[in-house]
4 protein chains.
Amino acid sequence: MANSKYSYVKSFEVDEKILPQVWIVVRLDGRCFSKFAEEHKLQKPNDERCLRLMEHSARKVLETFDECFFAYGQSDEFSFVLRKQTNIFNRRKSKILTCIVSLFTSAFVFYWKTFFNDVEMKYPPSFDGRVILYPSDQTLRDYLSWRQVDCHVNNQYNTCFWLLVQSGATPKEAYETLKGTYSDFKNELLFQKFGINYSHIEERFRKGSTLFKKPREDLVNPSKTVFEIVLTHEDIIKSEFWNKHSDLLSS
Amino acid sequence: MANSKYSYVKSFEVDEKILPQVWIVVRLDGRCFSKFAEEHKLQKPNDERCLRLMEHSARKVLETFDECFFAYGQSDEFSFVLRKQTNIFNRRKSKILTCIVSLFTSAFVFYWKTFFNDVEMKYPPSFDGRVILYPSDQTLRDYLSWRQVDCHVNNQYNTCFWLLVQSGATPKEAYETLKGTYSDFKNELLFQKFGINYSHIEERFRKGSTLFKKPREDLVNPSKTVFEIVLTHEDIIKSEFWNKHSDLLSS
Amino acid sequence: MANSKYSYVKSFEVDEKILPQVWIVVRLDGRCFSKFAEEHKLQKPNDERCLRLMEHSARKVLETFDECFFAYGQSDEFSFVLRKQTNIFNRRKSKILTCIVSLFTSAFVFYWKTFFNDVEMKYPPSFDGRVILYPSDQTLRDYLSWRQVDCHVNNQYNTCFWLLVQSGATPKEAYETLKGTYSDFKNELLFQKFGINYSHIEERFRKGSTLFKKPREDLVNPSKTVFEIVLTHEDIIKSEFWNKHSDLLSS
Amino acid sequence: MANSKYSYVKSFEVDEKILPQVWIVVRLDGRCFSKFAEEHKLQKPNDERCLRLMEHSARKVLETFDECFFAYGQSDEFSFVLRKQTNIFNRRKSKILTCIVSLFTSAFVFYWKTFFNDVEMKYPPSFDGRVILYPSDQTLRDYLSWRQVDCHVNNQYNTCFWLLVQSGATPKEAYETLKGTYSDFKNELLFQKFGINYSHIEERFRKGSTLFKKPREDLVNPSKTVFEIVLTHEDIIKSEFWNKHSDLLSS
């Protein structure tokens, strides 16, 4: 067969497999999204349409991959968690990584008009991604806490920054005002100067977006468990959330 | 800073770097594309609109990444070659892989309507991808030859198969007719039964699609070299192509 | 500096790091040890001198590397376990692997005469090794159980095999007698034919060799914990051992 | 079978394979060899007995592994090169690495008394090791040049340093005298102060030790090629050596 002379090159392919029984996280980030945000006049500090589109794209990933049961997103990033025991794609790392990143990207472009109706997408955006492994429930939860703290810190800063700018400060002045300040200072600033109680700001902006699969009885076939995908903007740092949904981290 | 308690989780991130001075190939493949082809009534054995959309998406990858100088595609797959000496993204494997796969996917959805005008895309398609390394020019060329031989073998088979089906055979009958047959048999079949000279079939179908960067003098600034992206459907197995474009594999 | 022209080659070195917070096992195996056993007329089915030399070499590894707290060996293999939290050598995989394999090998040759006095070592023996990662206490314990079951199965087989041979059977006949038989059959054979109660055979042969670090108060400085290395031939499959030494798997 | 309950743990083993058709280098280094040198009163700046023992241990590696055709050593390090095309151990990285490091270590201890006769080895020394891959002849040669330049630079420095110390300087004074000086200065110092022409110093010390396999006709069976292992202390940076032994880098 004509192919055989060259098919030795297949031996250069490597299928790195992920260690069994560790939590698999795929995190993706928008590439050059500040430029993308500007070109499409996204609202500052948060564009709800864009966040909803991100959530919807993440939902498509959860719908498509049974083994992906949890996702957390904020700003232009999203993290997907696959069950510790999953054998999806034989745990081949590149396959898992690219399937999730590609589907998310595809959904983002495909559903754009659903969330942005009149705003035309000007060019194809893209996302990069990476796989991260967590060997224990605690380290996985700490990872998710890390992202949610990041969401809070960035959102508080950006809320202050853009309110200062919108009220007449130059970006440089706003930057100088906030440089090195603590959380308390920013809360005071929001309240004193702009009459805003930070804790009343939309939870989507303060807490990010969590999607997870919740088991329920199948109405048609009661012996079967089906999963519905729930979207929430709760605190996922405290144990309360995980106690309420104790099936999430159990094997 | 609130973040620090959790930021230890960052130490679980691994940035695998690609060995210096080897050719880097990223190959992506359509996921479940037979279903996608059916749902969108793509033409058999080849849908020119889809191939042109694939080529256009590949072009976007070459335009975006300076270091990606060559691409070869056929059917629902595309391979991208990055310069041996490239230091793009510090040669981080996951970053290179996901950036290319994500951008290609995004372009495929974004430009769909340009090539399919009236055909609505029904759901977001996706691609998986992998990185393959080739240490020498010879092994890289053998890889590309392997893909072009694959294009030929599949296209010849599919051309026969679908002509048989279109002329009344059941898929099972067509399959049985072709099972285990050689290239010569298929050429005869095409000629005797359908009056088709295989070598007159469109080159795009028989040879696949090659895109590469060709240097030329910048008309405005003659001391500068600019690159134009050339699309061709030539034979890339024989040395002729590589001799004609001898700069491609030189460092 | 003269070196600089070539020092770029250092960039080809890769220091793969082991995922944090997983148990690290290094298992080493004798290379071509049946030939080595024959050349040095080691006793069959077990040579106590050789097992004691293996144990002593393992002890040197535990003495040298603080973070290596447990070892299990049988026949010509030994497994070393490093603490989940260890940061030894920055968790560089090749460094950890080769340091342990090299030191064990060195000790094996160095202490040979202590255990084999009159038997001259004829040529330098060697060991290969590999790193295996276990993310949870359960998987680590299952690994060790796997090795101890292997010890039992092999020892029972070999005991029967060599008794048959020593009592006049050819190796082929002994092999045929034992082929496909179960544990019960072998126990009966030992008892009926050779008057041996398998459970009375030396524990070192039946259970292999476990070395671990046991904390105790430093007599000189009572606020300090020192570790003594304990050698035992117990069952490490059942929980009893692990309950008795509950500090071993706790962080 | 009793084993099966635990044998799932085998799935945690990973056999990383080395990319085909790249040069494989295994470099090993003495662990804590300054302490070892002191404890065994090795001569400064070079102990010929130790260098010869290193060479002899390297020779054992070349004798044992057909595919290992070249080795270069200096001080307490040795680099082994395996043929680009080798399929030894299926190119499994850990296996290749540990077999070479373990055999070298074993030989070092085993042959100690041959080279050190009256000097007792006090404790088992060990070596760490790593695998480095070079995709082209040029990068491999540059690697070897890097090591030989390193040999020269260190030997010249150490020769000066120990002569200064032996002639009455404190180590600190010797260090200060040499700090930041160039090759020329050191050559002058050796000549002016100690009457030593650096280029007359033993080649073993200045150039390190190269071992390689040289093909020759088998006297008994002229149609067969046998290899003899040649030891040399030549310059391996210039092309002369490689031209003279042009078979070494040819496939």
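Of all the criteria given as (1) over 23 Å from the mean Cα position of the chain (by Cα); (2) more than 14 Å from chain D (Cβ to nearest Cβ); (3) at pLDDT 95 or above, the one not satisfied by C:THR159 is (1).
Would you be able to tell me the number of residues in region D:132-144 that are at the interface with chain C (Cβ under 7 Å from one of its Cβ atoms) and among the aliphatic types (A, V, I, L, M)? Don't jump to the end; show me each part of the working.
Here is the first cut: in region D:132-144, the residues at the interface with chain C (Cβ under 7 Å from one of its Cβ atoms) are D:132-134, D:139, D:142-143.
With among the aliphatic types (A, V, I, L, M) added as a condition, the list becomes D:132-133.
Here the count works out to 2.
For region B:82-116, a residue qualifies if it is in contact with a strand residue (DSSP E or B) (Cβ under 9 Å, 6 or more places away or on another chain), facing another protein chain (nearest Cβ under 9 Å) and hydroxyl-bearing (Ser, Thr, Tyr), and the qualifying residues are B:SER94, B:THR98, B:SER102, B:THR105, B:SER106. Do we have any residue at all in region D:93-103 that's surrounded by fewer than 18 Cβ atoms within 10 Å (Cβ to Cβ) and of a type in the set (Lys, Arg)? No, there is no match, as no residue in region D:93-103 is surrounded by fewer than 18 Cβ atoms within 10 Å (Cβ to Cβ) and of a type in the set (Lys, Arg). The sole residue among A:ARG59, A:ARG31 that is basic (Lys, Arg), within 13 Å of chain B (Cβ to nearest Cβ) and buried (at least 19 other Cβ atoms within 10 Å of the Cβ) is A:ARG31.
Within the option set A:THR114, A:THR86, being under 30 Å from A:ASP15 (Cβ atoms) and not basic (Lys, Arg) holds for one residue only, A:THR86. Total residues in region C:163-198 satisfying the condition of being in contact with a helix residue (DSSP H, G or I) (Cβ under 8 Å, 6 or more places away or on another chain) and not β-branched (Val, Ile, Thr): the figure is 19.
Here's the yes/no breakdown for (1) under 19 Å from C:LEU248 (Cβ atoms); (2) in contact (Cβ under 8 Å) with a residue 12 or more places away in the chain:
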| site | (1), (2) |
| --- | --- |
| C:LEU51 | no, yes |
| C:TYR72 | yes, yes |
| C:GLN85 | yes, yes |
| C:LEU97 | no, yes |
| C:PHE115 | no, yes |
| C:GLU120 | no, no |
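Can we say A:SER79 is among the polar types (S, T, N, Q), touching a Lys or Arg at 6+ places or on another chain (Cβ under 7 Å) and within 13 Å of chain B (Cβ to nearest Cβ)? So A:SER79 fits the description; yes. Of everything in region C:120-151 that's within 21 Å of C:PHE33 (Cα to Cα) and polar (S, T, N, Q), which residue is nearest to the chain's Cα centre (by Cα)? Result: C:GLN148.
Among the listed residues B:VAL119, B:VAL165, B:VAL149, which satisfies the condition of being surrounded by fewer than 18 Cβ atoms within 10 Å (Cβ to Cβ), part of a helix (DSSP H, G or I) and either more than 8 Å from chain A (Cβ to nearest Cβ) or modelled with pLDDT of 95 or more (or both)?
Values: B:VAL119 fails: part of a helix (DSSP H, G or I); B:VAL149 fails: surrounded by fewer than 18 Cβ atoms within 10 Å (Cβ to Cβ).
Answer to the check: B:VAL165.
Residues in region C:41-56 that are closer than 18 Å to C:HIS152 by Cβ and among the hydrophobic types (A, V, I, L, M, F, W, C) were compared, and the one that is surrounded by the most Cβ atoms within 10 Å (Cβ to Cβ) is C:MET54.
If you scan region D:1-22, which residues turn out to be within 10 Å of chain C (Cβ to nearest Cβ), under 24 Å from B:LEU19 (Cα atoms) and out of contact with any Pro (no Cβ under 7 Å at 6 or more places or on another chain)? Answer for region D:1-22, where residues must be within 10 Å of chain C (Cβ to nearest Cβ), under 24 Å from B:LEU19 (Cα atoms) and out of contact with any Pro (no Cβ under 7 Å at 6 or more places or on another chain): D:GLU13, D:VAL14, D:ASP15, D:GLU16.
Against the definition (out of contact with any strand residue (DSSP E or B) (no Cβ under 8 Å at 6 or more places or on another chain) and farther than 30 Å from D:LYS84 by Cα), how does D:VAL220 come out, yes or no?
no
With respect to the conditions (1) more than 8 Å from every other protein chain (Cβ to nearest Cβ); (2) buried (at least 22 other Cβ atoms within 10 Å of the Cβ); (3) of a type outside the set (Gly, Ala, Ser); (4) not in a helix (DSSP H, G or I), D:ASP128 falls short on a single one, namely (1). The residues of region B:137-165 that are free of Cβ contacts under 8 Å to residues at least 40 places away in the same chain, over 30 Å from B:LEU82 (Cβ atoms) and not hydrophobic (A, V, I, L, M, F, W, C) amount to a single one, B:TYR157. Hey, could you check region C:172-207 for residues that are among the small types (Gly, Ala, Ser) and surrounded by 12 or more Cβ atoms within 10 Å (Cβ to Cβ) and say which is farthest from C:TRP162 (Cα to Cα)? Per the criteria, the residue is C:SER183. For first residues located in region C:223-247 and closer than 16 Å to C:GLN74 by Cβ, partners that are part of a helix (DSSP H, G or I) and of a type in the set (A, V, I, L, M) and lie 6+ apart or on another chain with Cβ distances below 8 Å form the pairs C:ILE236/C:LEU144; C:ILE237/C:LEU144; C:ILE237/C:VAL149.
The values are calculated or read from the model by the stated rules, or taken from the named source; none is laboratory data. Keep in mind that what you see is a predicted model, and the values were worked out from it rather than measured. Cβ atoms come from the backbone with ideal geometry, glycine included; neighbour counts cover every protein chain shown.
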